[in-house]
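Asker: There's a structure below that I have some questions on.
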Amino acid sequence: MKSWRRTLEAFCLPFGAILFGLILFGIFCAAVGQNPLAVYGSIWKAGFGNWRTFQNTLIRAAPLMLTSLCTALPARLGLVIIGNEGALIIGGLAAVSIGLVLAGSAPPLIVQVGMAIMGMIAGGLWIASAGALRHYRGVNETISSLLLNYIAIALLNHLVGGPMRDPNSLNKPSTYPLPEADMLSNIPGTRVHWGLLLGVIACVIAYFLIQRTTFGFAARTAGGNIRAARIAGLSVGKLTVIVCFLGGACAGLAGMVEVAAVQGAANESLNVGYGYGGILVAFAARHNPLAAIVMSLLVGGILASGGVLQRSFGLPDATVLVFEGLIFLVVLYSDSLYGKFPFFKEKPVMSPPPPAPSAPTPTATT
């Protein structure tokens with residue numbers, strides 16, 4: 001069981017990294033002639049100031065929760081997967097394809113379930129291929145998953161600009177739109193779609209899968225010591241492919257949510273950075289699916305403030321990407337600080353000294 005010192009360390013280091021990232025971003029804002037405190041205030045108001053703006057944060061947090069699992073789950077095996085963006089795009093393309101096929105011939109619920117399943121299968125296979133290349137051919141999973149992002153983007157541009165293009169989409173090439181009845185609706189009384197609930201459920205299931213099941217124990221064992229896992233008889237190759245598939249399936253589901261709840265079609269808006277934001281969420285959450293829910297809200301609030309910074313301060317909309325990048329770098333650096341601070345180290349338990357040997361009892365002589 002973890003001691004309270006290790007638990008406190010797991011909370012303080014990411015929090016301190018984010019705080020230091022805020023300081024660096026403040027220096028950046030001051031360098032371009034803006035008041036850092038005013039910029040921070042605008043970010044807070046745009047992301048968390050009231051219920052109306054907080055809904056914008058929740059809308060952006062939904063895909064971030066799902067894409068973060070694409071990195072967090074394989075990380076339990078010691079893999080660094082960053083193909084989240086590609087899995088999201090492929091999942092969105094697969095979802096809209098099956099949605100257009102089923103539209104008009106099946107009830108809306110069946111269409112939505114079919115879109116979710118196809119998105120998860122496509123995204124899962126996309127990332128599982130990187131895991132298979134890593135285990136069976138020794139190809140670095142970080143490089144292969146990164147390159148898969150570019151392949152997915154090229155495939156998206158080709159399909160929406162060619163075979164799947166709607167002729168009526170002139171200024172912004174898109175696929176044929178999904179019928180309104182087959183779209184994911186909003187949670188009653190809000191502007192937030194049901195994809196948020198899907199993200200929360202996926203994070204909760206992922207946590208219990210990794211922390212409370214024998215499968216999760218096997219994955220953690222393989223990630224901790226692959227040689228010991230093989231000696232114990234675990235199929236490391238099968239574990240690698242399955243865990244990568246599950247991570248990719250979550251990112252593919254995020255693509256389905258984007259086309260079925262936000263865009264209504266597949267277009268270049270699928271490639272807006274939710275996959276890369278999910279990488280930041282996963283590392284800031286220390287690959288803990290439950291902590292990823294909270295971190296997704298934080299990053300979602302930052303993304304929701306891009307337009308406000310542009311209108312109020314004349315900063316480019318990409319300023320929020322600078323903010324994300326600074327936090328990401330600091331969080332990555334903070335990962336090397338675990339176990340370095342004496343306060344967080346477990347105190348050795350001093351066992352009592354063994355009792356001194358008793359003197360032999362003299363025997364009586366007659």
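Read-outs throughout are calculated quantities, based only on the coordinates presented, and are distinct from any laboratory measurement. Here the structure is a predicted model, which is why all the values come from computation and not from measurement. All Cβ positions, glycine included, derive from the backbone under ideal geometry; neighbour counts span all protein chains shown.
Asker: Sticking with the crude label model, points 7 Å out along Cα→Cβ, report the distance from ALA181 to ASN140 in nm, one decimal please.
Answerer: 5.2 nm
Asker: If you average over every viewing direction, what projected area does the convex hull of the Cα atoms of region 11-344 give, in nm²?
Answerer: 19.1 nm²
Asker: Determine the gain in length on full extension of the stretch ALA31-SER269; use 0.36 nm per residue of separation and subtract their C-alpha separation, reporting nm with one decimal.
Answerer: 82.6 nm
Asker: Treating cross-link reach as a plain straight distance, find the aspartates and glutamates whose alpha-carbon is under 14 Å from the alpha-carbon of LYS238, omitting any fewer than eight places away in the same chain.
Answerer: Cα-Cα hits under 14 Å: none found.
Asker: On to the next question. Report the calculated FRET efficiency for ASP335 and SER169 (r = Cβ-Cβ distance, R0 = 56 Å), to the nearest 0.05.
Answerer: Values: r = 43 Å, r/R0 = 0.77.
The value I calculate is 0.85.
Asker: OK, next. For region 87-106 and region 247-308, what is the separation of their C-alpha centers, rounded to whole Å?
Answerer: Region 87-106 and region 247-308 have Cα centres separated by 19 Å.
Asker: Another one. Springs between alpha-carbon atoms under 10 Å, Gaussian network over the chain: tell me which of MET65, MET164, MET120 tops the mean-square fluctuations.
Answerer: With Cα springs under 10 Å in the chain, the top fluctuation among MET65, MET164, MET120 is at MET164.
Asker: Further, regarding this structure: Quick one: dipole size for region 11-344, taken about the Cα centre, charges +1 on Lys/Arg Cβ and -1 on Asp/Glu Cβ, in debye to the nearest 20.
Answerer: Details: 17 positive and 10 negative charges, 166 e Å.
Value, rounded to 20: 800 debye.
Asker: Beta carbons within 10 angstrom, averaged per residue: use that to sort the peptides 292-299, 248-255, 9-16, 275-282, highest first.
Answerer: Final packing ranking: 248-255, 275-282, 292-299, 9-16.
Asker: Another question about this same structure. Given labels modelled 7 Å from the Cα in the Cβ direction, how far is it in nm from TRP44 to LEU321?
Answerer: The two pseudo-label positions are separated by 2.8 nm.
Asker: Please work out the FRET efficiency for the pair ILE201 and ILE110, using the Cβ-Cβ distance as r and a Förster radius of 25 Å; give the result to the nearest 0.05.
Answerer: Approximately 0.80, to the nearest 0.05.
Asker: I would also like to ask the following. For the chain, modelled as a Gaussian network with Cα springs under 10 Å, which listed residue fluctuates most, ARG220, ARG286, ARG52?
Answerer: Checking each option, the largest mean-square fluctuation is seen for ARG52.
Asker: Still on this structure, I have one more. In what sequence, highest mean first, do 266-273, 334-341, 25-32 appear when ranked by Cβ atoms within 10 angstrom?
Answerer: Working: 266-273: 20.4, 334-341: 12.5, 25-32: 15.4.
Final packing ranking: 266-273, 25-32, 334-341.
Asker: Relative to the longest principal axis of the C-alpha atoms of the chain, give the angle of the C-alpha long axis of helix 141-161, reported between 0 and 90° and rounded to the nearest 10°.
Answerer: 10 degrees
Asker: By a straight-distance test (C-alpha under 15 Å), which aspartates and glutamates pair with LYS345 as possible cross-link partners, with residues fewer than eight away in the same chain excluded?
Answerer: Answer for LYS345, where 15 Å is the Cα cut-off: GLU9, listed by chain and number.
Asker: Considering the options LEU239, TRP51, ASN149, tell which one lies farthest towards the positive end of the dipole of the chain, charges being +1 on Lys and Arg and -1 on Asp and Glu at the Cβ, about the Cα centre.
Answerer: Going by the charge dipole, the pick is LEU239.
Asker: Between helix 51-75 and the chain, what is the angle of the helix's C-alpha long axis to the longest principal axis, kept within 0 to 90° and rounded to the nearest 10?
Answerer: Here the helix axis deviates by roughly 60 degrees.
Asker: For the chain, modelled as a Gaussian network with Cα springs under 10 Å, which listed residue fluctuates most, ALA72, ALA87, ALA222?
Answerer: Looking only at ALA72, ALA87, ALA222, the biggest GNM fluctuation is shown by ALA222.
Asker: Could you work out [θ]222 nm for the chain from helices alone, using -39500 (n - 2.57) per DSSP H run of at least four and dividing by all its residues? Round to the nearest 500 deg cm²/dmol.
Answerer: Rounded to the nearest 500, it is -22500 deg cm²/dmol.
Asker: Provide the packing ranking of 110-117, 152-159, i.e. peptides ordered by the mean count of other C-beta atoms within 10 Å per residue, highest first.
Answerer: Listed from highest to lowest mean packing, they are 110-117, 152-159.
Asker: Can you give the net charge of the other residues whose Cβ lies under 14 Å from the Cβ of ALA304, counting K and R as +1 and D and E as -1?
Answerer: Here the count lands on +3.
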